[in-house]
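Shown next, in structure tokens, is the structure this report addresses.
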Amino acid sequence: SLATLYNTVHAFEKKGYLKEISLKGNQTFFDTNVNSHYHFYDEDTLQLIDIKDENISKKYFPKVPSGKKIKDIEITIKVANNYQKQKNN
């Protein structure tokens, strides 16, 4: 059943085999690459595309608050076709 599938996916996520990526509040992806990495989200095709780590510069990130350390960095860059939709008059 669908409930069994969701329970299994969430069990894999809790065990660290999958990483959950939520977009737009209702769009969820489960990534098999659980290492820290970044994504493009194509709003036209609804695809999540990996970005290579070496293509993201981390030297300009803000200073971490005192007593804290960075646990993880998630960057998702949303992309779409470069055209304006025509308005009907």
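For the stretch 1-63, with all protein chains in place and a probe radius of 1.4 Å, 52% of the accessible heavy-atom surface sits on carbon or sulfur. Accessible surface computed residue by residue for the chain, with neighbouring protein chains in place and a 1.4 Å probe, gives 88 Å² per residue. The calculated pair-distance distribution of the stretch 1-59 uses every alpha carbon pair, bins of 10 angstrom beginning at 0, and gives 19, 43, 32, 5, 1 percent.
Note on the chain: with charges restricted to the Cβ of Lys and Arg (+1) and Asp and Glu (-1), its dipole about the Cα centre is near 460 debye. With R₀ fixed at 22 Å, the C-beta to C-beta distance from residue 9 to residue 48 puts the FRET efficiency at about 0.90. Within the chain, antiparallel bridges make up roughly 70 percent of the DSSP beta bridges whose residues both belong there.
Taking each DSSP H run with n ≥ 4 as -39500 (n - 2.57) and averaging over every residue of the chain yields -5000 deg cm²/dmol at 222 nm.
The values are calculated or read from the model by the stated rules, or taken from the named source; none is laboratory data. Quick caveat, the model's predicted, so the values are computed rather than measured. So basically every Cβ, Gly included, is an ideal-geometry build from the backbone, and we count neighbours across all protein chains shown. These accessible areas exclude ligands, DNA and RNA; they are computed on the full protein's heavy atoms, side chains included. Shrake-Rupley method; radii C 1.70, N 1.55, O 1.52, S 1.80 Å.
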